[in-house]
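To keep things clear, I will list the structure first and then write my remarks on it.
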Amino acid sequence: MDDKYFDPVEKVFQEFEKKHQVRIDNMDIYTYDFKKLRGELLVYLKERSGLTYREIAKLDLFSNLSINSLGTLYKRNRKRIFNWKYR
């Protein structure tokens, strides 16, 4: 069995805030920029922390989204992030 190391959620939040120079607590949830950053954060949480969609949906930033929509958001944002990196 291949065990993968995952970072703690707090560390992922800190690295995300440092990379984007934002405070997650102070983000305006009604802006397009927030939605874009939230999508990227979803990818980070899933891949770096190993959280499930159910666990992610319990976080305040994602509480207004259904668990069923998180999979689609994840796929869309992962594709956007990685396509942009390899251009």
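The values are calculated or read from the model by the stated rules, or taken from the named source; none is laboratory data. As the structure is a prediction and not an experimental result, all values here were calculated from the model. Cβ placement follows ideal geometry from the backbone for every residue including glycine, while neighbour counts extend to all protein chains displayed. Note: areas computed on protein heavy atoms with side chains; ligands, DNA, RNA excluded. Shrake-Rupley method; radii C 1.70, N 1.55, O 1.52, S 1.80 Å.
Condition test on residue 35, is it of a type outside the set (Phe, Trp, Tyr), in a helix (DSSP H, G or I) and open to solvent by 40 Å² or more (accessible area, probe 1.4 Å)? Please lay out each step first, then the result.
Details: of a type outside the set (Phe, Trp, Tyr): yes; in a helix (DSSP H, G or I): yes; open to solvent by 40 Å² or more (accessible area, probe 1.4 Å): yes.
It is true that residue 35 is of a type outside the set (Phe, Trp, Tyr), in a helix (DSSP H, G or I) and open to solvent by 40 Å² or more (accessible area, probe 1.4 Å).
If you go through the stretch 67-80 one residue at a time, how many are open to solvent by 60 Å² or more (accessible area, probe 1.4 Å) and under 19 Å from residue 30 (Cβ atoms)?
Number satisfying all stated conditions: 0.
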What number of residues in the stretch 30-60 are touching a residue at least 24 places away in the same chain (Cβ under 8 Å) and more than 17 Å from residue 81 (Cα to Cα)?
-> 3
If we ask which residues in the stretch 16-28 are in contact with a helix residue (DSSP H, G or I) (Cβ under 8 Å, 6 or more places away or on another chain) and either in a helix (DSSP H, G or I) or open to solvent by 60 Å² or more (accessible area, probe 1.4 Å) (or both), their number turns out to be 6
Across the stretch 48-62, the tally of residues that are farther than 10 Å from residue 74 by Cα and either part of a helix (DSSP H, G or I) or in contact with a Cys (Cβ under 8 Å, 6 or more places away or on another chain) (or both) stands at 9
